[in-house]
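The structure under discussion appears below in the form of structure tokens.
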Amino acid sequence: MWKRSWFRWTVRCVALLLLTLLAVALYYRSRGADELAEARKEFEAKVGPLEPMAYKPRPVPEEENGAVWLLAGAQAVVTFQEDRATLGLLADTPSSEWTKDQVDRFKLIAERNAPALVLLRRTSVMKRCDLEALRGDDGRQNLALVTSARLLAADARDALQQGDADRFSSDARTLSDLALAMEREPETLKLLLGSYAERLLLPVLHEASVSPALDEAAISKLDTLIPSANLMDAWRRAMGKEAADLETRMGAAAEGEDSSGRPSLRFRLTSWVTSDLDHARYLRLWVETVSWAREPYALRSPALPHRLGVLPWAGIGSIQASSFGSPAGRMQATLALRQMTTLGLEVRRAGLERGAYPADLSLFSGVKTPDPFTGKPVVYTLRQDGSAILAVPDADPLYKKLTEGKRAAIGFTWTLPPITAEKPSSSSHPAK
């Protein structure tokens, strides 16, 4: 048969085709390896390492760690369905606006949770909290921490109303430690819960700062309660950890099986040729999305710059898309409120030192820096009665849009009362 020319030419053509296909496959393999190496370098430079253990936070020395008290207190909290709704409302409402019924309801809740509050307040004498050291059932633990954050915020507001400086100080310090403890965790969920705890804390500090019994020393103590974590950097690290965890799952996905439970030959061949190229593309899409989400929420385009779920591991990639836009916006909203709180305390301190608030904010550093949520600087207004207002323009409707109206409004406007000639009483400072 070999003597027949058509057979020889058929074999030659098939051989040539196979060699061509092999050459193309080797080319894509080589190109994929190079592009993946470059994509990994870009990812590590702009997002973070692709090794999950690199995101493990530094441990806190045991003698400084208040996590045991924090979690013990959170797990000791006893609330019923009606209590949880009440706490959520009171934690977001200035104590001066509480109704008599709400005051009475909170008194009952506080009495029932007196042991839990004692445990939670013991956290305030420690320096830091490392929740990583006490991992457990994350779902239950997170729910308990959220409920305890609301309890602490409501109790701190009640302490302000009652003039109990020591109780306020312990509650606010514990709430601050709780927020910072979760904001240092690499998991996106805990980071979001930490920023929520901070959004409960900052309005409480505002309520304390407008007390007529305030002095410069008390202002400085309030300032120390503001969490110091760089939320957007923490969010970027959380994204890096998700990607690093995904790398491990991608390795398993490369061993994909068909419906019979046996490895799919077609999948294996396709994966062998193009997996590195797809992988490199995926990492670059991830970098692009992180850069997009870090832009101020008001200024970024309304949709992701691409679809993540277009690769062989689309089921994995599409899940990650939900971790970008909205959570980053909430981090930015918290940072905007934090920056305004810091500035508000500085203005309040300046007013107490001079006997009146400044006419403008020209003497305050960084005041013209756009906030990370709206991209606009804080607006300051000195009113004729001596009071002052600080506000982040358009932040309130933007936050409502971000949360689709499902979250309590933060309130991006601060009103500072006129400076009075009344001498503060050392026993009534809200931050003793």
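Name every residue in the stretch 347-398 that is of a type in the set (D, E, K, R) and in a loop (DSSP other than H, G, I, E, B), in order of residue number. Scanning the stretch 347-398 gives ASP360, LYS368, ASP371, LYS376, ARG383, ASP385, ASP394.
The residues on offer are GLU132, GLU111, and the sole one that is modelled with pLDDT of 90 or more, in the same structural domain as GLU185 (by TED's automatic domain parsing) and of a type outside the set (A, V, I, L, M, F, W, C) is GLU111. Filtered by the rule that a residue be surrounded by 18 or more Cβ atoms within 10 Å (Cβ to Cβ) and modelled with pLDDT of 90 or more, the stretch 73-92 gives GLY73, ALA74, VAL77, THR86, LEU87, LEU90, ALA91, ASP92. Every residue in the stretch 72-86 that is assigned to a helix (DSSP H, G or I) and either touching a Lys or Arg at 6+ places or on another chain (Cβ under 7 Å) or without any contact (Cβ under 8 Å) to a residue 60 or more places away in the chain (or both), please. Once the filter is applied, which keeps residues that are assigned to a helix (DSSP H, G or I) and either touching a Lys or Arg at 6+ places or on another chain (Cβ under 7 Å) or without any contact (Cβ under 8 Å) to a residue 60 or more places away in the chain (or both), the stretch 72-86 yields ALA72, ALA76, GLN81, GLU82, ASP83, ALA85, THR86.
If you check GLU42 against the conditions, is it touching a helix residue (DSSP H, G or I) at 6+ places or on another chain (Cβ under 7 Å), touching a residue at least 40 places away in the same chain (Cβ under 8 Å) and of a type in the set (Asp, Glu)? Yes: the conditions hold for GLU42. May I ask you to verify whether ALA213 is in the same structural domain as LEU178 (by TED's automatic domain parsing), part of a loop (DSSP other than H, G, I, E, B) and among the hydrophobic types (A, V, I, L, M, F, W, C)? Criteria met by ALA213. Counting only residues that are surrounded by 18 or more Cβ atoms within 10 Å (Cβ to Cβ) and modelled with pLDDT of 70 or more, the stretch 301-324 holds 1 of them. A single entry from ALA39, ALA76 fulfils the requirement of being under 27 Å from the mean Cα position of the chain (by Cα) and either more than 30 Å from ASP158 (Cβ to Cβ) or assigned by TED's automatic domain parsing to the domain that holds LEU283 (or both): ALA39. Hey, any hits in the stretch 94-105 for a residue that's of a type in the set (Phe, Trp, Tyr), in the same structural domain as GLU185 (by TED's automatic domain parsing) and either surrounded by fewer than 16 Cβ atoms within 10 Å (Cβ to Cβ) or assigned to a helix (DSSP H, G or I) (or both)? No: zero hits. Screening the stretch 186-222 for residues that are closer than 17 Å to ALA159 by Cβ and of a type in the set (D, E, K, R) and picking the one that is surrounded by the most Cβ atoms within 10 Å (Cβ to Cβ) gives GLU207.
Within the stretch 350-376, if we keep just the residues that are without any contact (Cβ under 8 Å) to a residue 40 or more places away in the chain and of a type in the set (Ser, Thr, Tyr), the residue that is nearest to THR415 (Cα to Cα) turns out to be SER362. Check whether at least one residue in the stretch 66-83 is over 30 Å from SER275 (Cβ atoms) and in contact with a strand residue (DSSP E or B) (Cβ under 8 Å, 6 or more places away or on another chain), and report yes or no. Yes, because at least one residue in the stretch 66-83 is over 30 Å from SER275 (Cβ atoms) and in contact with a strand residue (DSSP E or B) (Cβ under 8 Å, 6 or more places away or on another chain).
Here are the criteria: (1) part of a helix (DSSP H, G or I); (2) under 22 Å from the mean Cα position of the chain (by Cα). Tell me which single one GLY48 does not satisfy. With (1) part of a helix (DSSP H, G or I); (2) under 22 Å from the mean Cα position of the chain (by Cα) applied to GLY48, the lone miss is (1). Restricted to the stretch 377-402, and to residues there that are more than 17 Å from LEU345 (Cα to Cα) and in contact (Cβ under 8 Å) with a residue 24 or more places away in the chain, the residue that is surrounded by the fewest Cβ atoms within 10 Å (Cβ to Cβ) is ASP385. If you go through the stretch 347-372 and keep only what is surrounded by fewer than 19 Cβ atoms within 10 Å (Cβ to Cβ), at pLDDT 90 or above and under 16 Å from ALA391 (Cβ atoms), you end up with just ASP360.
The values are calculated or read from the model by the stated rules, or taken from the named source; none is laboratory data. The model shown is predicted, which means the values in this text are computed figures rather than measured ones. Glycine gets a Cβ as well: all are built from the backbone with ideal geometry, and neighbour counts include every protein chain shown.
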